Structure formats: C-alpha cells, structure tokens
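Here's the structure, in structure tokens; my notes come after.
The values are calculated or read from the model by the stated rules, or taken from the named source; none is laboratory data. Source: prediction; values computed, not measured. Reconstructed Cβ throughout: ideal geometry from the backbone, glycine too, with neighbour counts over all protein chains shown.
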Amino acid sequence: MDAKSLTFSFASSGTAEADAAAKRLARLYGQMPAAQADIVVALGGDGFLLQTLRDTMSTGKRVYGMNRGTVGFLMNEYSEAKLPERLATAVAETIRPLEMETVDADGSTAHALAINEVSLLRQSYQAARVRISVDGKVRLDELICDGVMVATPAGSTAYNLSAHGPILPLDAPLLALTPVSPFRPRRWRGALLPKDAVVRFDVLEDKKRPVNAVADHTEVKSVVSVEVKESVSHTATLLFDAGHSWNERILAEQFRY
C-alpha cells in the first residue's frame with residue numbers, strides 16, 4: 001500500500017476517549033465516508049472492532065483497530081504518529097465468519113453470522129441436553145451442560161478461552177468445539193475440528209430444558225436444532241501492525257501466568 005495515497009474513515013465506539021481520538025485523527029489525516037475510504041480505523045475496544053467488521057463484511061474494506069477501550073486483544077496500540085506509514089506495512093488477515101442456521105420449537109428457521117462464536121446456552125435452571133453431530137455423524141449422543149459453542153480462531157480468545165477452550169492462531173484451518181460447564185460426560189473438554197466441518201446440535205428435551213442459540217450478538221430463543229459451518233461467501237479483512245501480528249499475540253497469551 002502506498003502510504004501517501006491512503007484515505008481513512010475513523011469510526012468511534014462512542015466513548016468520550018474514542019470520540020476525542022477520532023476528531024484528532026480526522027484533523028491530522030482527513031476523514032472520508034467508510035464506503036469511499038481505503039481503510040476503516042475502528043477506535044474503541046474489541047467489541048466495537050467486531051461490530052465494524054460485521055458492518056464491512058464482504059465489502060473488501062480493510063479494518064484497522066486502535067485501542068481506545070479496555071482489553072483490546074484484537075486492537076493495535078494507539079498512536080497518532082505516522083499512521084499512513086504504519087498502515088502501509090500492516091499485515092492483513094482474512095476472517096471468515098460462521099454461519100448459523102436454527103430451527104425453533106415452532107419450526108421457524110433463522111440465520112445469522114458470527115465472527116467470534118456460535119453458542120448454545122441453557123435457558124432455565126436445568127442443564128441442557130444436547131446431541132452433537134459432525135459432518136452428519138453423531139459424535140456425542142448426549143452432552144449435559146450449561147452450554148456448548150463453536151469458536152473461530154478470531155473468537156478463540158473470547159468466550160471460548162473463558163470456558164477453557166484452546167487458543168487458535170488466526171490462520172489455523174480449525175474450529176474449536178468447546179463445552180460450557182459440562183456435567184456429563186464430565187471429562188469431555190471439547191474437540192478441534194477442520195474448518196470445513198459442519199456441526200449440528202440437536203436439543204434433547206427441548207420443552208423441559210429449553211436452550212437459546214447465540215451468534216455473536218444475535219440470539220434465537222427455544223431452538224430445537226442448530227447447524228454451524230464456516231462461511232464460504234463472506235469475508236472480513238483485519239489489519240495488524242507489522243511485528244505485532246495476531247500469531248505473536250497468540251503465542252504471548254499462551255505464556256502468560
């Protein structure tokens with residue numbers, strides 16, 4: 001990328017800190033509408049970055065996050081100096097979301113995309129009972145749990161990690177299948193699946209033990225079945241500073257104590 005010709009659209013999460021940063025950067029480097037800019041710069045935290053990726057999904061826009069939030073695991077370090085030069089040498093990572101298709105108790109279907117994960121969560125005080133199939137073959141006849149999820153590499157450091165799932169490099173051709181508080185089988189800790197695997201969850205005793213399905217921020221209540229697979233038609237592009245790539249962060253996170 002030619003640093004001198006780059007155009008930017010600075011997007012703020014809406015906090016005072018992010019708003020102030022967006023105004024300063026716009027004065028320094030100019031502000032274009034997102035549809036016309038070369039790069040959308042998301043100013044906030046990981047949640048806002050994911051929202052920006054969803055908003056720019058399959059448009060070809062490159063998204064660069066700078067941390068004006070809290071954790072900011074997906075974000076680059078905030079700096080106003082030499083931004084075009086940083087972005088000219090940034091490393092691009094292509095992200096493919098998950099596609100979720102649900103069938104609820106009334107037989108209605110719903111579809112949603114998830115950059116982080118698709119999760120099933122118990123709706124009541126009773127644990128969920130779920131049958132898990134992969135590529136049409138039943139792999140677990142019954143999982144009794146608080147929930148279960150399929151996470152992308154991008155989402156492996158989010159809810160998946162808090163449920164003791166594995167951290168995946170962004171370019172790993174894998175998905176993480178991770179239970180949430182499994183009761184039976186007690187020792188099952190999940191599985192690593194090929195990225196092209198099709199995962200199906202069937203909710204057992206759906207009336208007695210209702211379950212909700214969530215694709216990032218989209219929730220469907222009282223599902224009886226959920227199918228999850230990586231999208232082949234939708235992509236998002238995320239930029240990382242050279243020398244501070246996603247894979248470097250993944251390695252660093254695994255050696256934290």
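If you go through segment 219-245 and pick out every residue that is part of a strand (DSSP E or B), farther than 15 Å from Thr152 by Cβ and in contact (Cβ under 8 Å) with a residue 40 or more places away in the chain, you end up with 8.
Filter segment 162-173 down to the residues that are free of Cβ contacts under 8 Å to residues at least 40 places away in the same chain and surrounded by 17 or more Cβ atoms within 10 Å (Cβ to Cβ), then identify the one that is nearest to Glu93 (Cα to Cα). Steps first, please.
Of segment 162-173, the ones free of Cβ contacts under 8 Å to residues at least 40 places away in the same chain are 162-166, 172-173.
Subsequent filtering for residues that are surrounded by 17 or more Cβ atoms within 10 Å (Cβ to Cβ) retains 163, 165-166, 172.
Working: Ala163: 25, Gly165: 22, Pro166: 20, Ala172: 12 Å.
Among them, the one singled out is Ala172.
Please indicate, with yes or no, whether at least one residue in segment 158-165 is part of a helix (DSSP H, G or I), hydroxyl-bearing (Ser, Thr, Tyr) and under 22 Å from Thr102 (Cα atoms). Yes - at least one qualifying residue is present in segment 158-165. Scanning segment 194-207 turns up no residue that is modelled with pLDDT of 95 or more, at positive phi and crowded, with 20+ Cβ neighbours inside 10 Å.
Pairing residues of segment 146-158 that are surrounded by fewer than 23 Cβ atoms within 10 Å (Cβ to Cβ) with residues that are outside any loop (DSSP other than H, G, I, E, B) and not basic (Lys, Arg), at Cβ distances under 6 Å and at least 6 apart in sequence or on separate chains, gives Asp146/Val180. Kindly provide the set of residues from segment 21-51 that are modelled with pLDDT of 95 or more, in a helix (DSSP H, G or I) and within 30 Å of Tyr159 (Cα to Cα), ordered by number. Within segment 21-51, Ala21, Ala22 meet the criteria.
Tell me yes or no: at least one residue of segment 103-110 is outside the structural domain of Trp188 (by TED's automatic domain parsing) and acidic (Asp, Glu). Scanning segment 103-110 turns up no residue that is outside the structural domain of Trp188 (by TED's automatic domain parsing) and acidic (Asp, Glu).
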